[in-house]
Amino acid sequence: MAASPFNSTVSRAAFLAGAAAAAASAAIPRAARAAAPASIGIDYAYYNPPSIVLKQNGWLEAALAKRGIAVNWVLSAGSNKANEFLAANAIQFGSTAGSAALLARANGTPLRTVFLYSRPEWTALVVAKGAPYKTVRDLAGKRIAATRGTDPWFFLLRTLQANGLQPGDVQLVDLQHPDGRVALERGQVDAWAGLDPHMAASQLNAGSRLLYRNVSYNTWGALNAREDFLAANPDITTIVLQSYERARQYAATHIAETAGILAAAAQLDAKVTELQLRERTTYPGSGEPGAAYHSALAGVVPIIRADKLARPDADLDGALATIADTQPAKSAGL
């Protein structure tokens, strides 16, 4: 199969170098690390339209150039990948679903959510064209693909529970998002907890059908930052969030243009990104991660416990209480 445009652009060498840098940084007193970094790492993702707008327009590069700071963009193929890059310090800002950020923090990744870039309905339970299934319960004993530790995974587990099924009642197949789409369309799985824009592409190009939707099971688009970076670089964080807000406002008010930018970046037909952005993506009035975000994540905690996704010593309640850091958004005037 041809190489996918959704593959990560982070090399193993860069990933390991970031991990080494993180370990070295932890041993250096804060005073010695006060100098501004020469560059920052930030991800972009096709499930995060403002990140594509920001990268395309070079607004962050222009804002940081005044301080002599370069921007290294890294493609995240899913929330799990963004969390891996944050954990290794390959990036300092990464975009995920809120549920994935919560799980990563509970499992020891030193991140905080500092900004909400969208309120999407980016996942649903998808079946192939012509599939006989009419309800979620019809999937008992069937193969269902999802990416473990991401919003579609949590969506799937909550959907099963809400419809009287347990994870053991189906065959869970852990596949990265684009691979889940391929598996569904080839008949290798019976259903897929999809993620836009892959989900929209499968609908329009392969006739796939959304069997079950529930926007309340989608846990926001979260921009997360490493805690050590936040503590050492509040002024740079302000610049990042102000630039992100500019991109978020553009995406909210220029849907057709954003769809075109996203389509070009992801190598998709514009009709796919139009579906994603016009029908399933909204933007909160404020990017500050407040009470609504906390409430959405609270609904995921029982699922994480039941599926034993967190390590045995994880403090899930503590992670939920501390995942959001609202001060950077306030400092940025958002």
Per the filter on the range 293-334, residues under 23 Å from residue 47 (Cα atoms), surrounded by fewer than 17 Cβ atoms within 10 Å (Cβ to Cβ) and in contact (Cβ under 8 Å) with a residue 60 or more places away in the chain are 299
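What about residue 208, is it farther than 19 Å from residue 100 by Cβ and buried (at least 20 other Cβ atoms within 10 Å of the Cβ)? First the steps, then the outcome.
Working: farther than 19 Å from residue 100 by Cβ: yes; buried (at least 20 other Cβ atoms within 10 Å of the Cβ): yes.
So residue 208 fits the description; yes.
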Cβ-Cβ distance below 6 Å, separation of 6 or more or different chains: which pairs start in the range 123-138 with a residue that is surrounded by 12 or more Cβ atoms within 10 Å (Cβ to Cβ) and end on one that is acidic (Asp, Glu)? 123/151
Any residue at all in the range 253-269 that's in contact with a Gly (Cβ under 8 Å, 6 or more places away or on another chain) and either farther than 27 Å from residue 167 by Cα or in a loop (DSSP other than H, G, I, E, B) (or both)? no
Scanning the range 65-104 residue by residue, those more than 10 Å from residue 42 (Cβ to Cβ) and more than 14 Å from the chain's Cα centre (by Cα) turn out to be 65, 66, 67, 68, 69, 70, 87, 88, 89, 90
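Within the range 158-171, how many residues turn out to be in a helix (DSSP H, G or I), under 26 Å from the mean Cα position of the chain (by Cα) and farther than 18 Å from residue 184 by Cβ? Steps first, answer last, please.
First, pick out the residues of the range 158-171 that are in a helix (DSSP H, G or I): 158-162, 167-169.
Subsequent filtering for residues that are under 26 Å from the mean Cα position of the chain (by Cα) retains 158-162, 167.
Right, trim to farther than 18 Å from residue 184 by Cβ and you get 158, 161-162, 167.
Total satisfying the criteria: 4.
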Given the structure, is residue 99 of a type in the set (Ser, Thr, Tyr) and in a helix (DSSP H, G or I)? yes
Sort through 48, 7, 72, 80 and tell me the only one that's surrounded by 12 or more Cβ atoms within 10 Å (Cβ to Cβ), at pLDDT 85 or above and more than 26 Å from residue 284 (Cα to Cα). 72
Among the residues of the range 270-294, the number that are touching a Phe, Trp or Tyr at 6+ places or on another chain (Cβ under 6 Å) and not in a loop (DSSP other than H, G, I, E, B) is 1
Search the range 121-145 for residues being assigned to a loop (DSSP other than H, G, I, E, B) and aliphatic (A, V, I, L, M), and hand back the single one that is nearest to residue 204 (Cα to Cα). 128
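The values are calculated or read from the model by the stated rules, or taken from the named source; none is laboratory data. Computed from a predicted structure; not experimentally measured. Virtual Cβ from ideal backbone geometry, glycine too; neighbours counted across all protein chains shown.
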